[in-house]
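The values are calculated or read from the model by the stated rules, or taken from the named source; none is laboratory data. No experiment lies behind these values; they were computed from the predicted model shown. Cβ placement follows ideal geometry from the backbone for every residue including glycine, while neighbour counts extend to all protein chains displayed. With ligands, DNA and RNA removed, areas are computed over all heavy atoms of the protein, side chains included. Shrake-Rupley method; radii C 1.70, N 1.55, O 1.52, S 1.80 Å.
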Amino acid sequence: MSETLSRGEQLEGFLAQVPIVKTLGMHCDIKGDDMVGVLPFQNKLIGNFTIKALHGGAMGTFLEMTAMAQLFLVADVERPPRTINITVDYLRQGRAQDLYARATVIKLGRRMASVRAEAWQSERDKPVAALLGHFLLGDGGGPRQTG
Amino acid sequence: MANPMNDLDARIEFMRENMANMMKVTPWANEMGFEVTRIEKGHVWGVQPFREHLIGDPETRVIHGGVITTLLDNLCGAACGATLKEFRFVATLDLRIDYMRPAESGRDILAEAECYHVTKSVAFCRAWAYHESRDKVIATAQGAFAINKPRTGFKKGDQM
């Protein structure tokens, strides 16, 4: 990858090429090594029409993608990390509104990383869903060398 | 009058008759394009066709793990519907997915889910995704589902 592109630009360039990101309609609001995933509401994200609730699978995909993107921002890897496993807790019903998510890399090893992510809607301290995931880093791994 | 949906055998029969439309009324499942293919008591099977718009890695062209999350979550929900004695809606409490090996690009993903234990308020499920058989899984899942209190009426679009 180009030396002249910032890590955030590299991530945006990668996300622009991923079909599932386009299918979800999500994007990442990147601020240096921090970011917020944004999933604007669309009818196709619904899982239950009668109660107009977001589909758990759509929220899970969005959380996994957000966790992966945050990990890509801070880890020294060329390729996107591969998921080992994820656990998604569904805490509240996802309403027919935009969904946001922030992820934290809680352990960054040379080969693996643990990432926690939380999604919310109108109130940040009322999370709708939370994810804990383990990811396999490519060759190298470890924290990203800055400068 | 007793609700026929509260009879498990009759409900399974109803689910089988409506198998083709079951996922069509769930927008996000419809977007994924998967189908339920077989229903037995406590156990359901489905297929997720390979679709370009579900790719998660442009280099390997493999379907994103989130698609498997959606598939297994929905099949677990359907397995609950084919298990509970009385008709109830269920909501996913948590779902854990372990990825054993990457899916192969261009191939359909087969999956099955079973509801293996039910308490008064929670149903426990496990599920598998694979190309050929459960001997060589792509992913396994384990989840707990909250059994909602009865609501009156059954409307089109309700998830079982």
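For region A:7-136, the alpha carbon positions stretch 46, 26, 23 Å along the principal axes, listed from largest to smallest.
Summed over both chains, the area buried between B and A is near 2800 Å², taken from the accessible surface of protein heavy atoms with a 1.4 Å probe.
Based on C-alpha pairs under 8 angstrom that are at least 6 apart in sequence, chain A has a relative contact order of 23 percent. For the set B:LYS41/B:LYS85; A:LYS22/A:LYS107; B:LYS120/B:LYS149; A:LYS52/B:LYS24; B:LYS85/B:LYS120; A:LYS44/B:LYS24, the pairs lying more than 21 angstrom apart at their alpha carbons are A:LYS22/A:LYS107.
The residues neighbouring B:GLU52, those whose beta-carbon lies less than 12 Å from its own, together hold a net charge of +3 under the Lys/Arg +1, Asp/Glu -1 convention. Of the residues A:ALA130, A:ALA119, A:ALA53, the one that moves most in a GNM of chain A with alpha-carbon contacts below 10 Å is A:ALA53.
Couplings 3J(HN,Hα) for region B:116-123, derived from phi with the Karplus relation 6.51 cos²θ - 1.76 cosθ + 1.60 (θ = phi - 60°), are 9, 7, 10, 10, 4, 10, 9, 10 Hz, where x marks Gly and Pro.
Sparsely packed loop sites in region B:72-132 (the GluC sites (Glu not before Pro) outside DSSP H, G, I, E and B with at most 13 other Cβ atoms within 10 Å) comprise B:GLU86, B:GLU132. Could you look at region B:1-125 and say what percent of its accessible area is carbon and sulfur, using a 1.4 Å probe and all protein chains? Heavy-atom surface of region B:1-125 belonging to carbon and sulfur, 1.4 Å probe: 51 percent.
Each Lys or Arg adds one and each Asp or Glu takes one away; over the other residues whose Cβ falls under 12 Å from the Cβ of B:GLU13, this sums to -1. In a reduced charge model with +1 at each Lys and Arg Cβ and -1 at each Asp and Glu Cβ, the protein assembly as shown shows a dipole moment near 740 debye about its Cα centre.
When the Cα convex hull of chain B is projected onto planes of every orientation, the mean area is 9.1 nm². Using a ≥ b ≥ c from the Cα gyration tensor of the protein assembly as shown (square roots of the eigenvalues), is it rounded, prolate or oblate, where a/c under 1.5 gives rounded and otherwise the larger of a/b and b/c decides, a/b for prolate? Prolate is the answer for the protein assembly as shown, as a/c is 1.5 or above and a/b outweighs b/c. Each Cα pair under 8 Å and six or more residues apart adds its sequence gap; the mean of these over the residue count of region B:4-147 is a relative contact order of 23 percent.
Each of A:VAL74, B:LEU54, B:ALA146 was scored by the projection of its Cα onto the charge dipole of the protein assembly as shown, and the greatest displacement toward the positive side belongs to B:ALA146; charges sit on the C-beta of Lys, Arg, Asp and Glu. Rolling a 1.4 Å probe over the protein heavy atoms gives chain B an accessible area of 47 Å² per residue.
Remark: region A:7-136 carries 42 Å² of accessible area per residue (probe radius 1.4 Å; ligands, DNA and RNA excluded). Take each residue in B:55-63, count the other chain C-beta atoms within 10 Å of its C-beta, and the mean is 5. Residues whose amide H lies under 5 Å from that of A:ILE84, counting only those 5 or more places away or on a different chain, are A:HIS134, A:PHE135, A:LEU136; hydrogens are built 1.01 Å from N in the peptide plane. Couplings for region A:22-33, taken from phi via the Karplus curve 6.51 cos²θ - 1.76 cosθ + 1.60 with θ = phi - 60°, read 5, 4, 5, x, 8, 8, 10, 9, 8, 10, x, 9 Hz in order; Gly and Pro are left as x. Using the Cβ of A:LEU54 as centre and a radius below 11 Å, the other residues enclosed give a net charge of +3, where K and R count +1 and D and E count -1. Between the amide H of A:PHE41 and those of A:ASP98, A:LEU99, distances stay under 5 Å, these residues lying 5 or more places away or on another chain, with hydrogens modeled in the peptide plane.
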